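S.K.: Next up is a structure, given as structure tokens.
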Amino acid sequence: MNISEFAERIQKNVAQVIIGKQDAVELLLVALLCEGHVLLEDVPGVGKTTLAKALALSIEASFSRIQFTPDLLPGDVTGSSLFNQKSQEFEFRPGPIFHQIVLADEINRATPRTQSSLLEAMQEKQVTIDGVTRPLPAPFMTIATQNPIELEGTFPLPEAQLDRFLLQIRLGYPSFEQEDEILERYQSHDPLTKTESVVSGDQIVALQKQVKEIHVSEDIRHYLLNIIRSTREHQYTELGVSPRGSLALYRAGQALAGLRGRDYVIPSDIQHLAPALLTHRIHLSAQTRLRGRSPDQIVAEIADSVPVPVVD
């Protein structure tokens, strides 16, 4: 199975549950092929959790959902060692992080200490508990959700945590026609209950290796770096995109090209990915925020200002 066939299978399967969010599904697949993680940020009720579940059910992989709350402890996520009175020994009980697809629901409701328990897992695909490092299963992907408008009782994600997410995706409200189709489709049953897997975990691991073989020309590589460097040199940014971000954009460009049936990256791949991949990685000055400027606007300005290479 090639990458474009994989994309067609997953998108068709998810479309039975999620209506009119093809771009968001494509970006989720980009993250999955890049071994990256996704932050779904939008208002309540637009389908963030449903989208995450639909993707997980489309893959023959283990799935867990963690409901983040203020009283959630790091051990509730990673697991802990418990004393077995029968054997008179400590036994490790793995937490929900030891699954292939992990849904971190309302991640900004947990305390910073609990949020940080995901850092090692997201970056290194492993968890260290009581001095013992335990690898996580492959493929491994974290899909986190958060509500951007509800501030009471929440703990904003720090820059170090945000930088671990490959993409930040917003779904938005459906159109009139799409919402009408939602009402009709969900009239008698929830299609999520009938969603079956169409791709195995082993196939995804093989496709992740294929992605790394997609060609990126020197012109595209330099174009990508010019965009990254512009985020660091822009007059309104205090913190630009890190080298981790440049590598993420490089890998994501390869994945998007593969999903669209090409074995090479073109400028439009980079342009399409820039808003979802760069916006959450830059930090604006306080004065800029007071003037009403947003990271989305800055990234759009940068994408428009960097000369686009002519690809043969």
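S.K.: If you build a Gaussian network model of the chain, linking Cα atoms that sit under 10 Å apart, which residue out of ASP42, ASP23, ASP269 swings the most?
M.R.: In the Gaussian network model the winner is ASP23.
S.K.: Looking at the chain, do any whole DSSP H helices span at least 18 angstrom along their long axis by alpha carbon and average 1.0 or above on Kyte-Doolittle, and which?
M.R.: none
S.K.: Among ILE10, ILE143, what is the fewest-to-most ranking by other Cβ atoms within 10 Å?
M.R.: Working: ILE10 24, ILE143 28.
Exposure proxy ranking, most exposed first: ILE10, ILE143.
S.K.: Could you give the radius of gyration (one decimal) and Dmax (whole number) of the Cα atoms in region 215-305, in Å?
M.R.: Calculated on Cα positions, Rg and Dmax stand at 13.4, 44 Å.
S.K.: Given [x] 35, 58, 7; [y] 20, 24, 17, 14, 11, 10, 5, 0; [z] 31, 58, 11, 0 as candidate values of P(r) over Cα pairs in 20 Å bins from 0, in percent, which corresponds to the one derived from the coordinates?
M.R.: Step by step, P(r) over Cα pairs in 20 Å bins from 0, in percent for this structure corresponds to label [z].
S.K.: Cut-off 10 angstrom, C-alpha nodes, Gaussian network model of the chain. Which of LEU256, LEU183, LEU192 fluctuates the most?
M.R.: Ranking LEU256, LEU183, LEU192 by mean-square fluctuation puts LEU183 first.
S.K.: Extent of region 255-312 along each principal axis, from alpha carbon coordinates, in Å, largest to smallest?
M.R.: Computed over region 255-312, the largest-to-smallest principal extents equal 44, 22, 12 Å.
S.K.: A further question follows. Sum -39500 (n - 2.57) across every DSSP H segment of at least 4 residues in the chain, then divide by the residue count to get the 222 nm mean residue ellipticity, nearest 500. Kindly include the intermediate steps, with their values, before the conclusion.
M.R.: Values: 14 runs with 136 residues, N = 312.
Calculated at 222 nm, the ellipticity per residue is -12500 deg cm²/dmol.
S.K.: Within region 160-246, which GluC sites (Glu not before Pro) sit in a loop by DSSP and count at most 12 neighbouring Cβ atoms inside 10 Å? Mind dumping the intermediate values first?
M.R.: Details: sites: GLU177, GLU179, GLU181, GLU184, GLU196, GLU213, GLU218, GLU233, GLU238; in loops: GLU196, GLU213.
When the GluC sites (Glu not before Pro) of region 160-246 are filtered for loop state and at most 12 Cβ neighbours within 10 Å, GLU196, GLU213 remain.
S.K.: Which longest uninterrupted range of the chain lacks any chymotrypsin sites (Phe, Trp or Tyr not before Pro) assigned by DSSP to a loop state (not H, G, I, E or B) and surrounded by at most 16 other Cβ atoms within 10 Å?
M.R.: 1-185
S.K.: At q = 0.23 Å⁻¹, what log₁₀ I(q)/I(0) does a Debye calculation on the Cα points of region 59-172 give, no solvent, two decimals?
M.R.: Those come out to -1.41, one per q.
Here, each number is a calculation from the coordinates, and none is a lab measurement. These figures come from a predicted structure and were not determined experimentally. No Cβ is skipped: glycine too gets one built from the backbone with ideal geometry, and neighbour counts run over all protein chains shown.
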